[in-house]
Amino acid sequence: VPKLALFRIHQMAMPVPPLNEQRMIAQRLFNINNVLFNQDENLFQTNILKQGLMQDLLTSKVRVT
């Protein structure tokens, strides 16, 4: 936005939700963050497993029938 200076942002009135609503929002964001972290961890573990299996296949430690 042209001509949007920092002092104009400070002058703007921003609505603030009540404290209990802020806590509910924070709790939901925390839960979403935990889900994303768990999914990232599962993806990382799956990729490690895939790399190990590919290494076994490429070095002929495991035979493909």
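Taking 7 Å steps out from each Cα toward its Cβ at ILE48 and SER60 produces label points 3.0 nm apart. Which of the three applies to the chain, rounded, prolate or oblate, going by the alpha-carbon gyration tensor with a ≥ b ≥ c and a/c under 1.5 meaning rounded? Taking the square roots of the gyration eigenvalues as a ≥ b ≥ c, the chain is oblate. Across the range 16-22, rounded Karplus estimates of 3J(HN,Hα) from the backbone phi angles (6.51 cos²θ - 1.76 cosθ + 1.60, θ = phi - 60°) give 10, x, x, 4, 5, 5, 4 Hz, Gly and Pro being marked x.
Normalised per residue, the accessible area of the chain is 102 Å², obtained with a 1.4 Å probe and no contribution from ligands, DNA or RNA.
Only sites in a loop by DSSP and with at most 12 other Cβ atoms within 10 Å count here; which trypsin sites (Lys or Arg not before Pro) in the chain make the cut?
Qualifying residues, ordered by number: LYS3, LYS61, ARG63.
Taking the protein heavy atoms of the range 7-47 in the context of the full set of protein chains, the accessible area attributed to carbon and sulfur is 63 percent at 1.4 Å.
The values are calculated or read from the model by the stated rules, or taken from the named source; none is laboratory data. Every value quoted in this text rests on a predicted model; they were computed, and no experiment measured them. Reconstructed Cβ throughout: ideal geometry from the backbone, glycine too, with neighbour counts over all protein chains shown. Just so you know, the surface numbers come from the protein's heavy atoms only, side chains and all, with ligands and any DNA or RNA stripped out. Shrake-Rupley method; radii C 1.70, N 1.55, O 1.52, S 1.80 Å.
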